[in-house]
Each structure stands twice: as structure tokens, then as C-alpha cells.
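Since the structure comes first, as C-alpha cells, the remarks are kept for the end.
The values are calculated or read from the model by the stated rules, or taken from the named source; none is laboratory data. On a predicted model such as this, the values are computed, not experimentally measured, just so you know. With ideal geometry, Cβ positions are generated from the backbone for all residues, glycine too; neighbour counts draw on all protein chains shown. Surface areas here come from the heavy atoms of the whole protein model, side chains and all, with no ligands, DNA or RNA. Shrake-Rupley method; radii C 1.70, N 1.55, O 1.52, S 1.80 Å.
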Amino acid sequence: MRPLTDDETKVLFEKLTKYIGRNIAHLIDRPDEPYCFRLQKDRVYYMSEEIMRRATPVGRRNLVALGVCFGKFTKTGKFRMHITALPYLSQYAIYKVWVKPNGEMPFLYGNHVVKAHIGRVTEDMPEHQGVVIFNMADVPLGFGVSARSTVDMRKVDPTGIAVFHQADNGEYLREEDTLF
Amino acid sequence: MGRRAKNKQDVPLPLNQEKATGKVTKGLHDKLKHDATRSRKHDSAALKNKSANSGRQPIEKLSSSSSSVTKPSAKKPSAKKRAPEPDSDSDEEIDDESGGEVSGEDAVMRDVDDGGWDNAPMESDSDVGEESDEMDEFDSEDDEAVSQMPLSLLESDDDDEDDDEDEEDDSDDSMAGGVESYDEFDTDDDEAGPVTFRDMEKRSRKLDKQRQQIEESADQELRTAGAVVAGERELFTLPSLEQIEAEKEAPLDLSQIQLRIQEIIRVLNNFAELRAPEASRHDYLDQLKRDMCFYYGYNEFLMDKLLELFPVSEAVEFFEANEVARPVTIRTNTLKTRRRDLAQALINRGVNLDPIGKWTKVGLTIFDSPVPIGATPEYMAGHYMIQAASSFLPVIALAPQESEKVLDMSAAPGGKTTYCAALMKNTGMVVANDANKERERALVANVHRLGISNTVVCNYDGREFPKVMGGFDRVLLDAPCSGTGVISKDASVKVNKSQDDIDMLTHLQKELILSAIDSVNADSPTGGYIVYSTCSVTVDEDEAVVNYALSKRPNVKLVDSGLEFGAPGFTSFRGRKFHASLALTRRFYPHAHNMDGFFVAKFKKLSNKIKVSEDSFVVPTGSGAKTKQKKKKRKTAD
């Protein structure tokens, strides 16, 4: 477990900004207690400093996880968000897409969101922007990247892709072996 | 959407019947039910015979024994009217009466006649005949109760308080003469008033009483007819040595074995009368053990262990319960949703569910579901966790408080850990440890899925605590065990456990429990508790381990676990004496509580120092004590 280097921090924050924009400040300056990011075996974890301090006695080889995993750095130095970051992403997301009940399961099985399944979209969403996907009951299901802006989306035919799939709750079951 | 389950428990059998055989599976249940009805029929048949012999006498007997509630004074007119009727008619009715369960329905009918339509007794009489013929077909009292309700027309007097008096009056009346005996038929008419919520309870109590009396009379009847029955039943004899040898070559089929098990249990329950003179109790038990090993597929070692634990008939219940899967239960993740909302969401998916019980506010039992319960969108969103009811218990006993530091020593797959974190509302810190790296994947996945952010997951041998970390407010040790409580989940336990395994496990458990105790900070303002639990029912892994901890660590004591149900732990077992406070521990059995076999003990740590002699103390490492002394206790030495 170690703090992130400047480069890593930059990559991580750039990625996060795609989803939560300026709300990233809320992750770092929290009113309740100070939180921090830590790197452990390529993975980035987000936890309160209290927990971080208390976990220091745990050896590097024995530490499996702490706090919430946000994602991992790939071998090429890019950052890949994991579904486990969803609670924070959904809390601070700027652009949101709500899918109808009939589109819930297709998305949870790892498919892109097609236009026919969209129930509601945030206004003025640009193209290729990180979006968090909710069902109509406001339960976050996953996140992805918008394929079209809100304006363009109206013109697409119903089977056209509206949001590219990146991560969904179904990965807890499908990817349990590789996710952690 | 109906929330009633199809596979709910069947109607309970009479207690004595069930006890006598000690069996609860479906097949046996049916058989018992059949027996019960047969005995009842036998009873009524006997009555019928008698009635044929002695005219009205049996009615008096039946009704005076079956109906406690009587109002003779109010019913005189009806009796008078009935008296002059022709004999043939009354005979027929007598048969009806005795064939049916109670005289209740007819009584009501007649009262209706008398009270309401005085001028038309004849046609109503024929009605009565038909009605009661129909009634003959039903043997259950419930039918009777139902049939009474709509007929209620007359007054509803309160006569609970003078039941006994009435009964005496009754017998007096009936002795006075045959005419009077018709009063008996009017006895039940007090119940004929309109059914209101106010008197419903009383009515049902009355019905219960009637039923009890009927059963008593049935029992009595059986006993008097016992001589005949005993003559019919051939005496059960144990197989000879040659037969046993022959069976080893070519085993009997299961139904015969099952029959023999039942026979032996019957003999053992009434040993003095039913034994064969040359066979000892030991012979019977040996044969029983052999048969049960074969029938249920246990190895001899485990069978011995379990038979030590229960009386024979209860042991059979235990084995039977192990053949049936426990219901699937889920725990609501209170960090993300509420139980009511979750139940509604699942019901909308067609799931049949109910709360587990009064003792938990977060548990739901799933009866059946058209969708896989471990793959619904709610599950993936972390709204609930599939978790056995029994594994709620240690966490309830631990009762972690907000912003405490809690250690779960063997955490995977995380049911208890996540429950702890949910109770702490994601504050403080939960250290989830497990020795098995593969199982920790599931642990991490569950922790993240349920949205828990206050955990540290680490991979140590539990015995390395408190060297790694100490000073916890509470420690939960769900020790690795032989799994004799969860045979219904993993039947391989039946055959793959031996004394060596148990020895190895108990040794590990003893080491772990000392580590757990040493990891706790006794000076914690809110905590200082340790909960030890296993999913095993053997005394070696439960009470013996706790007793060992009490003797090795005099600075802990057992406290009440806060679980209001469950059997108390043993304070002595087959000559071994345990500490008296072991009665505070709790045992749970599959046959008694419909959850996995489980054991929970809760300790409170009183001091961080262990008093060795008058003036020397030992302070184990890591307990969070400020003043550490030089002498250190080696944890693994024990």
C-alpha cells in the first residue's frame, strides 16, 4: 500500500473527471473526515485516513483490499474504472441515463444501452462523456460512455446504441474471479 | 401477489403420536396422520358398536366426555319434544352421532328447529339425518367448527366460568333418565350465537378444549382396547447374528430398515414391556446404530458422536432434518434499502417470501422464486445478501456499535462481516480476515457489492492475531469446524469425518479462541466482547473449547448472548464437567429451530492482564494495554 505518484494521480483524476467533473473535489475534501487514495497491487483504493492508518500494520502480501476499490492501472499506465466505484460515481455523476425496466436486464448482462430502452436522459449531455446508468427506481446499475449527445440521440433509430457499456452490476457475478 | 407459501409446514400431529415415533419426514408424517385418523376411527367404531348394544347409553358417555359446555336449563323444551319420537329414528341418529366426531352439529340443527321453526319438526329431522351422514365423512373437528358458524342463531351466553358445574349437572341429568339425555345434544348451542370478533377467541378455546377431550377419550378407548391391539401386534425381535452377517452380504431394502428403526425406537421407548427377554438395551442400541448408519449414510464415528448428543427419538428427528434442505434466507442490506421495500421489489418479481421470525428485523425467508434469487437486479445492486438464518446469530450476539474496531477472524464469504458493517452503519472499522485466499475473492466482492467502505480485508492465519493487529473492541470468531450442523448443505460430512479430524479442528479452535481473546482490548469503553461460534453441534468443538478458553484465560467470563431462543449449552456431558456459566451459551438445532446446527458463546474480557500468581501478571501482546510487561505469553504454545 502506497500513496499514488503525481502521474498516477493525474491519470486517475482525468478519468474521474469524465464521470463526475468538478465534483471530484467532494471526494477529496470531505466534510466528515479526510479520505485518501492508496495504491495496492495496481489497484486504487479509496478510504478514510483513519482506516488507512490502522491498516498499516497489515503486510503488503497479506492485504487483500481496504476501503473501496476504484479501479486498476493497466500495464500501459492507463486507468480502468471498476464497477466497485459505482457508489461514488452515482453519487456525484453529472450525466445520467435512466433505463426502462425492459432495458435493465440486457444492460446488466453486459450489453450497450440502445435508444429504445432509454427512459430519461440528462439534458445537454455531450458525445463521448462518462455517464452513470440508473433504472427508473433510481438504483444505479453501472456506467458507460455516451455514444451520442442528447440532441443527436433523438434522431437515432430505436435499435441504435445510445450508451456504450463499460461496467455494470452484473460483473459482481460474471467477473468475480478477475475483478478482485 | 400471494405471499403464502405452498410448502409451509403441514398440520401438526398430536404431540404424543409424534413423540412416540419421533419422526417428522413427509412419508412418516403421512403415516402418522393415517394412524391418528385410524385410531380415531377405531374409537368411533368402538362407540358405534357399543351404541348398537346398549341403546342410548353411549351417547351420554360420548357427549358428557366430549362436550364440556352445557346449558341444560335453557333447553328443557327441546328435550321434551324429542322424547316422544319413535325409537327407530333415534337409533339411526345415535349411529350418526357416534360416527361423527361430536354431537355438536346435530345439536345445533335441532336447536334451530326448536327455537326457530317450532311447527315443522319432522322435515327438519330428515334434514338432520342427511346432514349428519355427510358429517360422518369428515373426521376433523375443523369441519365441525365451520359448520357450526353459519348456523348460529340462538343466544350466546358466557359460560366459561361455570364449565365444570355444568358438566356435573350434565352427568346428573343424564343419570336421571333416558329422556334427559337429549339435553346433551343441546350443549353446544351456546356456541351457536353470531360469530363476533369479541367471542372468537373464546370459541376457539372452547373448540380446542373439545378436541383435547376427544383425543383423551380416544386415548382411553385405545387403552381399553389395548389388550386386543397388543395381541394383534407381533412382538418385535432383533435379527440374529446370522441374519446380521447375511445382511452384510445382501442388505435389506430401505423400507424394511426404516421399519426396523421405528420398531426399535418403539421398543426402546417402552423398554420394560416390549423388550424381548433375552436381549439387552445395548443389543437394541447396537442394531439401531447399525441400521441408522446404513439408512442415513453416516459413518459409525459420527453416528456415535451424534447419538451421544440426543436421546434416540430426537436423534432420529435430527437425522431426518439433515435430509431436508433448510429454507433459503436473505438478509436485507440496511445500508442500501429497507426490508419492506426489498420485500415489495422481490414480490414484484414473483418471489414468495416471509419474514424469518420475530428475532430479526432484516431477514426474509424465500419459499420459491421464478428467478434465480442470487442473480436479480436487486441482488447485484447489493440490496441483500443470501445468508443462512443461523449466521445472523453470532452477529446479533456480537452487537457491534458504531465507530468501533471489530475483527472478524474467519470472514469469508462475508455474510457476517457485512452484517457487522451494516450494524455499524459503515463507521469505525471492520477487519475481515480469512486464511483462504480463494475464498477471499467472494469476500471482497460481497463487501463491495453491499457498498461497505469501512473494511480492511487481509489474509492471515487467524493464529497470527494479535501480533498483526490488536486492541479491537469486539472480535467475532466463527471458527472452522467439522460442519456437523450443516449436513443438509454438505452431506459429505457424514462420511469423511473421523476422530483425527475432530482432534485437529478442536486444537485449531482452541488456538484461535485464545488469539481472539488476546486481540480484544478489555479497556474499550463500549466493547471488550468476543463471540465464538461454530456450525457444528459436537460438544468437543463447542463447550469443550469454550471451557478451555475459560480455564486458560481467567480474565474473560461468559455473558448472556442476547439471543432469546436456542437451547442452553451443556454444563456437563458424559462425565465431563464444564464451567457452570456455559449455560449462557446457545445451541441451535436443525430439527428444533429449522436453521443450521449452530453454537454461539459470548465472552466479556474483564482485564488485559492475566493473573498468574499473587504478584505477577502476564500481558499478552496486542491487547491494547498501555503498560506492557516484559513477560510475553506464547500464543501457539498451547
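Details
- Just one residue in the set B:257, B:244, B:265 is more than 25 Å from the chain's Cα centre (by Cα), at pLDDT 85 or above, β-branched (Val, Ile, Thr) and surrounded by 11 or more Cβ atoms within 10 Å (Cβ to Cβ); that residue is B:257.
- Among the residues of region A:132-150, not a single one is open to solvent by 30 Å² or more (accessible area, probe 1.4 Å), basic (Lys, Arg), away from every other protein chain (no Cβ under 13 Å) and within 23 Å of residue A:174 (Cβ to Cβ).
- Selection count where residues are facing chain B (nearest Cβ under 10 Å) and not in a loop (DSSP other than H, G, I, E, B), scope region A:151-173: 4
- Condition broken by residue B:333, with the remaining ones in (1) in contact with a Phe, Trp or Tyr (Cβ under 8 Å, 6 or more places away or on another chain); (2) open to solvent by 70 Å² or more (accessible area, probe 1.4 Å); (3) under 30 Å from residue B:424 (Cβ atoms) satisfied: (2)
- Matching residues in region A:62-82 - criterion: being more than 8 Å from every other protein chain (Cβ to nearest Cβ) and touching a residue at least 40 places away in the same chain (Cβ under 8 Å): A:70, A:71, A:73, A:77, A:78, A:79, A:81, A:82
- Selection status of residue A:74, open to solvent by 30 Å² or more (accessible area, probe 1.4 Å) and hydroxyl-bearing (Ser, Thr, Tyr): yes
- The residue that is farthest from the other protein chains (Cβ to nearest Cβ), counting only those in region B:454-465 that are buried (at least 21 other Cβ atoms within 10 Å of the Cβ) and farther than 10 Å from residue B:434 by Cβ, is B:465.
- Residue ID - nearest to the other protein chains (Cβ to nearest Cβ), chosen from residues in region A:45-61 that are closer than 16 Å to residue B:440 by Cα and open to solvent by 40 Å² or more (accessible area, probe 1.4 Å): A:61
- Number of the exception - residue A:128 against (1) assigned to a loop (DSSP other than H, G, I, E, B); (2) under 19 Å from residue A:23 (Cα atoms); (3) within 10 Å of chain B (Cβ to nearest Cβ); (4) of a type outside the set (Phe, Trp, Tyr): (3)
- Some residue of region A:34-44 being open to solvent by 10 Å² or more (accessible area, probe 1.4 Å), among the polar types (S, T, N, Q) and within 21 Å of the chain's Cα centre (by Cα): no
- Selected residue (criterion: farthest from the other protein chains (Cβ to nearest Cβ)) from residues of region A:99-109 that are open to solvent by 30 Å² or more (accessible area, probe 1.4 Å) and touching a residue at least 24 places away in the same chain (Cβ under 8 Å): A:100
- Counting the residues of region B:344-363 that are open to solvent by 10 Å² or more (accessible area, probe 1.4 Å) and closer than 28 Å to residue B:564 by Cβ gives 9.
- Per-region count, region B:472-485, residues open to solvent by less than 20 Å² (accessible area, probe 1.4 Å) and either facing another protein chain (nearest Cβ under 10 Å) or not basic (Lys, Arg) (or both): 9
- If only residues of region B:416-449 that are open to solvent by less than 10 Å² (accessible area, probe 1.4 Å), within 21 Å of residue A:56 (Cβ to Cβ) and among the β-branched types (Val, Ile, Thr) are counted, the one that is nearest to the other protein chains (Cβ to nearest Cβ) is B:444.
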